[in-house]
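This report refers to the structure that appears directly beneath it.
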Amino acid sequence: MIELLFLLLPIAAASGWWLSRRDLRAKCDGVGPANPDFLRGLNYLLEEQPDKAIDLFLKLAEVNGETVETHLALGSLFRRRGEVDRAIRIHQNLVERKNLSAERRGYALFELGQDYMCAGLLDRAEVLFQELVELDLHRKRALHALRDIYQRERDWVKCLEVAERLRPMTEQSMAVEIAHYHCELAEDARRKQDSETAQRQLMLAQEADPNGVRAAMLEGYAALDDGDPQRAVVLFLRVVDRGSAYVAEILPSLIDALRQAGRDDTPALLENLARRHPTAPLIVSLAAVLEQTRGAEAALDLLTEYLSRYADLSGLERQLELLAQETRSDENHRHRLRTALEVTRHLLARHPVYQCEQCGFQARSLHWQCPSCKSWGTVVPVQPEPIAAHETRIP
Ligand SMILES: [Zn+2]
C-alpha cells in the first residue's frame, strides 16, 4: 500500500491540504488543520480498506481536475495488482467527467479498455478501442490492442484489417504476422473441406512473407492429402530450405510422401538431409532405414557417431533400445540396459521440444503464436546440443 500513498501526494496538494498545512506550519510552527476527507482516505488505505479510500479520493478528485494524472496512475496500479474492479471504478469515473481535455479522456479510455481486457470483457474493450481509433486518439496503441483482442477471438479477417491499418504506422514489418493470419484462414478453410479458399489463402501468405515456413508446410500437407505426393516432396524440401529447424516437424509426412511416390532414393535423400541438418528425428529415421537395408549394426554405428557429437536424449533412447534388442548377453546385462533406457525416457519426457526465441517459453508441441509473449513464428524446435565441433560424418 505504500506505493499508493506516494501516488496520493498530488491529491493531497490539490486538495489544499498539503499547502495549507505548510503555510500554517510557517505561521504556527507545524500545527494546523488537515483536510479531514484526505486523512480519512489515507487511514482507509493503511487499514487495507481500498474501496472506502477510493470513494473519498474520487470525491476529492472532482474538486480539482489537476489530480487526473494521479488517478490514472492509481487505476493502473490497481490493475497491475490484479484489482481490476477498482481500476475500472477509477477509470470509469475519469471518463465520465466533463472537464477532461480530449487527450486525457483518450488516455482514460485506453486505460479503461485495458481494464476490460484484463477482466476478460473483450466486447466492451473493443468498443472503447474502436472509439479511440475513430477519434484519432492513441490510434497506434488502440490498433495494437484491437489486434490483441481479435487474435484472442481468433478472428483472423479482422486481424488482417487491423494489420493493414497498422502497417504504415509501424517501423516493424507486419509481413510475418500477416502471413500467419492467412495461414490460420487456410487451416480454417481446410477443416471445412474448402480447398480452393485454403489454396488462395496460402498463396496470399507466401506473397506476404515469401520465406515463411508455415505456408510451405501447409501446402505440402495439402498436396499429400490431395493425392499428389511428388509435389508434396518438393514442398517439404522447400520447408527444410527455408527453416531447417523444422525438419523434424515435416519428417513423418515427407517419409510418407516419398513412400507414396514410390521413390527409391529415400535412404540417399535422408542421408543428404541428415548430413546438412543433424537432428535426432532425422538420424533416428535414417537409422530405421539402415536397420532394414544393412542391419542393426549399421544403425548403431550411425547413432553412436551422432551421439559422439551431440548430447541428444532421443538419439540415446533409440541407441539403448537397439542395444537392448540386439544384445546376446545374459539377463543381468539386459536388465542394466533396460534401466538406462527407462532413465533416458524419464528425462526425455521432461525435456522441452520447442522453445520461444523471443521469451524462452518452453513447450512440448508446436505453437505458431507464442502463448507467453504472443509473437508469431518464434517458437522453434529445440536443436541438439553439440558436444564438440567436428566434421559431419555419416557412414
Ligand atoms: Zn515467446
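The values are calculated or read from the model by the stated rules, or taken from the named source; none is laboratory data. Every value quoted in this text rests on a predicted model; they were computed, and no experiment measured them. So basically every Cβ, Gly included, is an ideal-geometry build from the backbone, and we count neighbours across all protein chains shown. Note: accessible area is taken over every heavy atom of the protein model, side chains too, but ligands, DNA and RNA are not part of it. Shrake-Rupley method; radii C 1.70, N 1.55, O 1.52, S 1.80 Å.
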* segment 153-165 residues that are over 17 Å from E134 (Cβ atoms), paired with ones that are open to solvent by less than 70 Å² (accessible area, probe 1.4 Å) and of a type in the set (F, W, Y) (beta carbon under 8 Å, 6 or more apart) -> W156/Y150; W156/Y181; C159/Y150; C159/Y181; L160/Y181; A163/Y181
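Residue by residue through segment 276-289, note down the ones that are in a helix (DSSP H, G or I) and open to solvent by 10 Å² or more (accessible area, probe 1.4 Å).
Taking segment 276-289 and keeping what is in a helix (DSSP H, G or I), we get 276, 280-289.
Selection gives R276, P281, V284, S285, A288, V289.
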* Taking segment 242-272 only, how many residues are within 18 Å of L202 (Cα to Cα) and open to solvent by 40 Å² or more (accessible area, probe 1.4 Å)? -> 1
* **Whichever residue in segment 233-270 is over 29 Å from the mean Cα position of the chain (by Cα) and small (G, A, S) and, among such residues, is modelled with the lowest pLDDT** => A268
